[in-house]
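Data first, discussion second: the structure below is written as structure tokens.
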Amino acid sequence: FGVVEFERTSLEQITAAELARKVAFVPQETHVVFPFTVSQMVLMGRRPHQGRSFFDSSADAVRAEEAMKATETLHLKNKPFNKLSGGEKQRVVLASALAQDPHVLILDEPTSFLDLKHQIQFYDIIGRLNRERGLTMIELIIGIAIMALVLALGMPSISQWLNNSQIRTAAEGVLAGL
């Protein structure tokens, strides 16, 4: 029937803990019941690297701070996550995923609940991360407007499958309206 591999290793041979260290996920929306600060939320991304320890190391704090800088959320580190705007929350969730040091980042319609300003900001950040870090990103995008936005912000993977002239024309029309 075939074999599914990740980094040339069969998924059957990769433990859940090992996969958690290599693949991070950014959902459409994140709901948090407890009053965690931004810093605490980002540090949760380090959990796959902590083994049996429940305490954050100095290396964890450094990785979390780097992730907050990369997502332009460091200035929010002491704020309660639940008090942030939708765009700020998504950037914090992205920071948590980046703090995980993944090889692959999976994004599930990460801007579907954001206004245009925050969509552009979010895609600008992940486009920069893709170019600077070579981070592999897999994203579920529904809607030609978002695909056009991602294309406009220089995500090369989008241009590989946006080769149908009708779709490209529609995307250019959306971009002309931005």
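Coordinate-derived values only; no laboratory data. These numbers come from a predicted model, not from an experiment. Heads up, the Cβs are rebuilt from the backbone with ideal geometry, glycines too, and the neighbour counts pull from every protein chain shown.
How about segment 1-78: which trypsin sites (Lys or Arg not before Pro) there are in a DSSP loop, with at most 14 other Cβ atoms within 10 Å of their Cβ? Filter output for segment 1-78: ARG8, ARG52. Computed from the Cβ-Cβ distance with R0 of 41 Å, the FRET efficiency linking GLU18 to ASN82 stands at 0.80.
Loop-resident chymotrypsin sites (Phe, Trp or Tyr not before Pro) (DSSP state other than H, G, I, E or B) in segment 1-62 with no more than 11 further Cβ atoms inside 10 Å of their Cβ: PHE1, PHE54, PHE55.
Computed over segment 1-152, the range of Cα coordinates on each principal axis works out to 43, 41, 30 Å, biggest value leading. A cut-off under 14 angstrom between Cβ atoms defines the neighbours of ILE14, and their net charge, with Lys, Arg +1 and Asp, Glu -1, is -1. The charge dipole of segment 1-96, taken about its Cα centre with unit charges on the Cβ of Lys, Arg, Asp and Glu (plus for the first two, minus for the last two), comes to roughly 280 debye. Taking the average, over residues, of other Cβ atoms within 10 Å as the packing measure, peptides 85-91, 11-17, 125-131 rank 85-91, 125-131, 11-17 from highest down.
Can you tell me how segment 1-86 classifies by the Cα gyration tensor, rounded, prolate or oblate, using a/c under 1.5 as the rounded cut? It is prolate, given that a/c is not under 1.5 and a/b is the larger ratio.
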